[in-house]
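Right, one structure below, let's go through it.
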Amino acid sequence: MSDTTSVVLAGVGGQGILLASEIVAQAAKISGFDVKTNEVHGMAQRGGSVIAHVRFGEKVYSPLAAKGEAKVLGGLERISALRYADYLCEGGLVAVNSQMMVPVTVSMGMGEYPADAEKLLRDKFENLIYINASEEARKLGNVRAANVVLLGALSKGLDKLSEEAWLEAVKISVKPKFIDLNIKAFKTGREI
C-alpha cells in the first residue's frame, strides 16, 4: 500500500477550490512531504464543475488520485461530492458544504439537480461531515471563506498534517488582509 495520501476537492467555479487546494498543498509541504497537485477547470469561469487533486507523501509520482484512493473528499457544493464519489477510498472522510449551486448544465436544461441531495449524501457516505460552511463564513464576515471553513472540517481526516501546519499554510496562501478571517474560518470548520 502506498504511503501517499490523496485529497480530492470539488465544487463550482468561483467557490475557491484552487485556493483550498493550495492551502492543502502548503500544509503538506510545511509538514515535510513531497506534494503534487492538479486542477481541472471545466468551465470554471461560468459556474462549471471544478475538481482539484492534492497528493502528498515521502515521494509522489503523479498529481492525480486514482479512483478509490482519496482519503478525504471535499465538496464545496452539495452535489459535487456525489459527482466525484468514486475517488473516495473505503472509510474515507467526506466534508460537504450544504450550499446549493445549480450547475450550468442544469440551468441549460441538460440535467436535473437532485431534490434529495442531503439524503443521497447520507446514504452514500458513512463518514460524512455535512455543514453549512457558507453560513458559518457569513457569520465570520465574508461568505467567500466557506472554502476554508470546509478545509477546517476535512482537516480532521488528515492526521498527518498538524493544526499548526494548516494555520501556517493559510497564512502563506491568502492575501495578508484576509489572514485573520481565514484563520477564524479554518478553526470554525475544525471545531464542527
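Cross-link partners for LYS59 among the aspartates and glutamates, with Cα-Cα distance under 13 Å and sequence neighbours closer than 8 places in the same chain left out: ASP3, ASP34. With one equal scatterer per alpha carbon and no solvent term, the Debye-computed log10 I(q)/I(0) for the stretch 63-192 at 0.11, 0.12, 0.14, 0.21 1/Å reads -0.41, -0.48, -0.65, -1.23. Rolling a 1.4 Å probe over the protein chains gives LYS160 an accessible area of about 90 Å². Largest GNM mean-square fluctuation across GLY152, GLY74, GLY13, computed for the chain with C-alpha springs under 10 Å, falls on GLY13. A 1.4 Å probe, protein heavy atoms only, puts the accessible area of THR37 near 60 Å². If you sort PHE56, PHE178 by accessible surface, 1.4 Å probe, largest first, the order is PHE178, PHE56. As a calculated quantity, the FRET efficiency between GLU58 and ASN127 at R0 = 30 Å, using C-beta atoms, amounts to about 0.75.
Put SER31, SER80 in order of accessible area, highest first, and with a 1.4 Å probe you get SER31, SER80. With 0.36 nm allotted per residue and the present C-alpha distance subtracted, the LYS160-LYS119 stretch has 11.7 nm of extension available. Heavy-atom accessible surface of ILE172, to the nearest 10 Å², is about 90 Å², with a 1.4 Å probe and all protein chains retained. Taking the DSSP bridge list for the chain and keeping only pairs wholly inside it, about 50 percent are antiparallel.
Net charge dipole, the chain: roughly 480 debye, given to the nearest 20, about the Cα centre with Cβ charges of +1 for Lys and Arg and -1 for Asp and Glu.
Translational diffusion of the stretch 1-145, estimated by Stokes-Einstein from the Kirkwood radius over alpha carbon pairs at 37 °C in a medium of 0.692 mPa s, is 211 µm² per second. Over all orientations, the stretch 114-178 has a Cα convex hull whose mean projected area works out to 5.7 square nanometres. Comparing Cα centroids, the stretch 108-132 and the stretch 149-179 end up 26 angstrom apart. Ordered from largest to smallest accessible area (heavy atoms of protein chains, 1.4 Å probe), the residues MET100, MET108 come out as MET108, MET100.
The values are calculated or read from the model by the stated rules, or taken from the named source; none is laboratory data. Here the structure is a predicted model, which is why all the values come from computation and not from measurement. Counting neighbours? That spans all protein chains shown, and the Cβs are built from the backbone with ideal geometry, glycine included. Heavy atoms of the whole protein, side chains included, go into the accessibility calculation; ligands, DNA and RNA do not. Shrake-Rupley method; radii C 1.70, N 1.55, O 1.52, S 1.80 Å.
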